[in-house]
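Below is one structure, written out as structure tokens, with a few remarks after it.
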Amino acid sequence: MVLRESLPKGVGMGRVARIVAGLAVATALSTMVVPLPAAAQTLNDTLAARARGNDGARLLLEAKELVYDNDRNTVSARGDVEMNYQGRTLQADSVTYDRNTGRVFAQGNARLTEADGTVATGDRFELTDDFKAGFIDQLRVEQTVEERGVKVRTRFAAPRAERIAGETTVFERGTYTACEPCAKDPTRPPLWQVKAARIIHNNTERTIYYENATLEFAGVPVAYLPYFSSPDPTVKRKTGFLTPTYVASTALGFGVSIPYFIALAPNYDLTLRPTFLSRQGFLGQAEWRHRLETGSYSIRAAGIIQADPGAFLAPPFGARDKDFRGSIETTGRFHINERWQFGWNLTMLTDKWFLQNYNVRNGNLSTLYQREAISTAFLTGQGDRSWFDLRAYYFLPLTNSDWQRHQPVVHPLLDYDRRFNGPAPLGGEVRLEANLTSFSRDAAHFQEIPGQTSRLFGIYDTCAVFSRDTCLVRGIGGSATRLSAQASWRRTLIDEAGQAWTPFTFARVDGFWLDVDTARHQNYGITSIMGREADGFNGRAMGGAGVEYRFPLVASAGGWGTQLVEPIVQVVARPGETRVGRLPNEDAQSLVFDDTNLFEWDKFSGWDRVEGGVRTNYGLQYTLTGAGGFHANALFGQSLHLAGRNSFASGDILNVGLDSGLEDRRSDYVGRLLVQPWAGVSLQTRARFDKDNFALNRFEASFQGRFGAVTTGLTYARYGAQPLLGHEERREGVVGRARLDVTPNWFLSGSVTVDLDHYMRNRPTPISPLGRRDPSISGFAVGAGYRDECTTFEIAYSSVPREFSGAKDNAQTILLRLELRTLGQASVSQNLAGATSQDGIAP
């Protein structure tokens, strides 16, 4: 007997113990014969009364037709069937439940969607009534995962697959890839895929096992592995081996590093990275990471007992005298509350060459000026209008030309900044600032002028004669502490004509405590330069007031847009600076006079110097804003010293202020020009011109733009000679970089650094004792790559200076990197040029 009933979409199947509620329906109907008009009511009553189970789950069925076949003991749903149960959705043209075997058969555009979004499609599904086990013909599984913030779709396929207990899927003669199929020809092989006799995807272990696997690129086999496993694409952390890396070096020999990652818990893990080197032996590395409720920390250590120390140079150029070499690095950051946090970045090394010799990664390295490892511990707090920062520093230089005794130990450095509304009736803004700097240094750091001819131990800067005329003090020896505090007030008033008047006033005090040990490491030279004030307490006070005037004039520029012309005048009055040249200068050594500090009250970059005297700063600013993203801005101005002592004409122990463009009564002219014709393209220049003949003393220009498939940038800089600061010759250079997107996936890139004032020291001329100018390429890089949704491939060659101190030889490196998204990545880096003494390696 067969009963057939048409059902409206969305009929609820009630609570059932098994996924196909037709079992209960068929059981009820097998004991009765009902007319078709009454079948629908009988169906609803029966489902409500009998189709209930113990798991509390509810099955919803949508279909055009239900067929009950009591002779074959089956229940079928036909026509756009959709069944929802426990977060799983089964869709097909027809679904049949066999009561005899307890199996569900789905045919015709069969599609099973899991609760996590995984989609499995096939020609025919044969499943248990809870969808957890069974066989599937022509299975295709698509899963969307997130990797490093990018959503990636992975795909499995097999002629036949088996689901086991809803946890494991076995793909017979299966394939796996994360690549999208070709839009023009879906039958083409993906860029890469893994083919295996069996692919076993275990959801409980979250692991994929491959048996007799072959890696194919564009359908061509390139590698074979009898067995390997990889984490499920949804796994972020899983115990197992990582991609090995290979080593080839004259000093180290040949070797391989095989990292092993151990996921000990959801919030901490350990990575072991043993490396076996044919010439030096076993290099051990380990990294521990731990995330806590309020923050995280990590510890990284590396060490080796060298089998052949003779591969390296003798001190002070290398570590030939050391059998054991190693490093320890630790970082941490913790939040005390939403406003306060503390942390550290610490590095300890047996020698300055270890990290480079063994290519050990370190997150605390800096190469801004010289290569060095910076260790610090900090406590910071931030409010709505306040800032607190407390830090200690230890600098570890990693270049031959830097001496550890020249490096300061900062204990500590404190900055505090607080702003609040001014009291009535003054209004405006009141600002409180404070700075505490305390440090110690074993040996004073000197630099001889003119030229750097004197060397301590043949490699470190010093002076033959300790006098103000021939010697600069980069850092004083001994210990020093300075405490500074400043209070200021400002308010902007706008009159009826639109003129903006900003009066301001400020007061500052500084206290210096100095203790120089003149008996050690040439510190006696400090006394001859700084005088008797090099020891004991010294105080300094500075107060001042001023006003800044601006009159913005807005007008239409016709079809160009809107233009703004703004004259600016500022006057600052204060007494002269005291004790110039008698106090240390550690944090105000850089003074660049340009448009950015033209209207600063104090143009020195740090607290150790304070600007004094009466000065007026004036300039004119012009802005043009047009349609289509056009924007242009220009500023031109000058500074005049009116009365009192000119701080910039009084050089300190570093001659800071001299050769700056501010040392005369009339300063040099400074200006800038910024032009952005449309979004993505900009040109910015800034310059300093001589006040007398308008000669170019300093010039910087940068261009950035994107034109179709080309992205490019160009930076040019030219700085005039500053002999009193140790720069006897002009410095000039250009840096260019570009990227060409050949296709949406393929790209070419390159960069070049050209030293336009390279001096041939072995070819002196009467004009320049250093030699004639000979432009040269000091560094360049070229590369090519491919990137799509599943693959990244890059090859790059670079040639860069080994040190910023002027080393002759460049480091030449070639890098290969291949990443198969969700499967793994590998990279190979090889130095092409021979090692030099700058590396601490014996030739």
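The values are calculated or read from the model by the stated rules, or taken from the named source; none is laboratory data. Bear in mind the structure is a predicted one, so any value in this text is a computation, not a measurement. Ideal geometry is used to build each Cβ from the backbone, glycine not excepted, and the neighbour counts take in all protein chains shown. Ligands, DNA and RNA are stripped out before the accessible areas are found, and what is left, the full protein with its side chains, is counted by its heavy atoms. Shrake-Rupley method; radii C 1.70, N 1.55, O 1.52, S 1.80 Å.
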### Computed label-point distance, nm, for sites residue 684 and residue 291 using a 7 Å Cα→Cβ extension
3.5 nm
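Which FRET efficiency value, to the nearest 0.05, do you get for residue 421 and residue 812 by plugging their Cβ-Cβ distance into 1/(1 + (r/R0)^6) with R0 = 56 Å?
Details: r = 59 Å, r/R0 = 1.06.
The pair residue 421/residue 812 has a calculated efficiency of 0.40.
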### Query
Given a 1.4 Å probe and the protein chains all in place, what does the accessible area of residue 227 round to, in Å² to the nearest 10?
130 Å²
### Message
Between the stretch 199-254 and the stretch 70-116, what is the separation of their alpha carbon centroids in Å?
### Response
37 Å
### Query
Roughly how many nanometres apart are two label points built 7 Å out from the Cα toward the Cβ at residue 391 and residue 547?
4.0 nm
#### Entry: Surface accessible to a 1.4 Å probe, per residue, for the residues of the chain, Å²
49 Å²
### Message
Show me, for the stretch 816-823, the HN-Hα J-couplings you get by feeding each phi into the Karplus relation (A = 6.51, B = -1.76, C = 1.60, θ = phi - 60°), rounded to Hz, glycine and proline as x.
### Response
10, 9, 10, 10, 9, 3, 6, 9
### Query
Could you give the length gained on full extension between residue 468 and residue 693, defined as 0.36 nm per residue of separation minus the Cα-Cα distance, in nm?
78.0 nm
### Message
Given R₀ = 45 Å, what would the calculated FRET efficiency be for residue 627 paired with residue 665, taking r from the Cβ atoms and rounding to 0.05?
### Response
0.50
### Query
In percent, what relative contact order does the chain have, based on Cα pairs under 8 Å that are 6 or more apart in sequence?
5 percent
### Query
To the nearest 500 deg cm²/dmol, what mean residue ellipticity at 222 nm is calculated for the chain from DSSP H runs of n ≥ 4 alone, each contributing -39,500 (n - 2.57), summed and divided by the residues?
-1000 deg cm²/dmol
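Using Cα-Cα distances under 8 Å and only pairs 6 or more residues apart, what relative contact order does the stretch 105-227 have, in percent?
15 percent
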### Solvent-accessible surface ranking, highest first, for 517, 594, 652 at 1.4 angstrom
517, 594, 652
### Message
Could you sort 603, 691, 236 by their accessible area in this structure, using a 1.4 Å probe and putting the largest first?
### Response
236, 691, 603
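In the chain, how does Rg compare with the Kirkwood Rh, expressed as the Rg/Rh ratio over alpha carbon atoms?
Radius of gyration relative to Kirkwood radius: 1.10.
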### Query
Taking the Cα centre of the chain as origin and charging only Cβ (+1 Lys, Arg; -1 Asp, Glu), how large is the dipole, in debye to the nearest 20?
360 debye
### Message
Multiplying the sequence separation of residue 643 and residue 564 by 0.36 nm and subtracting their Cα-Cα distance, what value in nm do you get?
### Response
25.1 nm
### Rounded to whole Hz, the Karplus (6.51, -1.76, 1.60) HN-Hα couplings of the stretch 121-132, x for glycine and proline
10, x, 6, 8, 9, 10, 10, 6, 5, 10, 6, 8
### Message
Considering only C-alpha atoms, what is the centroid distance from the stretch 630-686 to the stretch 391-470, in Å?
### Response
24 Å
### Summary
In whole percent, the fraction of accessible protein surface over the chain that belongs to carbon or sulfur atoms, probe radius 1.4 Å, stands at 57 percent
### Query
In what sequence, largest accessible area first, do 234, 399 appear using a 1.4 Å probe?
234, 399
### Task
Measure off 7 Å from each Cα along the Cα-to-Cβ vector at residue 359 and residue 620, then give the distance between these two points in nanometres to one decimal.
5.9 nm
## Note on the structure
Phi-derived 3J(HN,Hα) across the stretch 662-679 with the Karplus relation (6.51, -1.76, 1.60, θ = phi - 60°), rounded Hz, x for Gly and Pro, is 10, 6, 9, 4, 9, 7, 5, 8, 10, x, 9, 9, 10, 10, 10, x, 7, 4
### Task
Compute all pairwise cysteine Cβ distances in the chain, then list the cysteines with no distance under 4.7 Å to another cysteine.
182
### Task
Compute the length gained on full extension between residue 405 and residue 205: take 0.36 nm times their separation in residues and subtract their Cα-Cα distance, giving the result in nm to one decimal.
66.5 nm
### Query
For the stretch 545-614, what is the relative contact order in percent, using Cα pairs closer than 8 Å and at least 6 residues apart in sequence?
30 percent
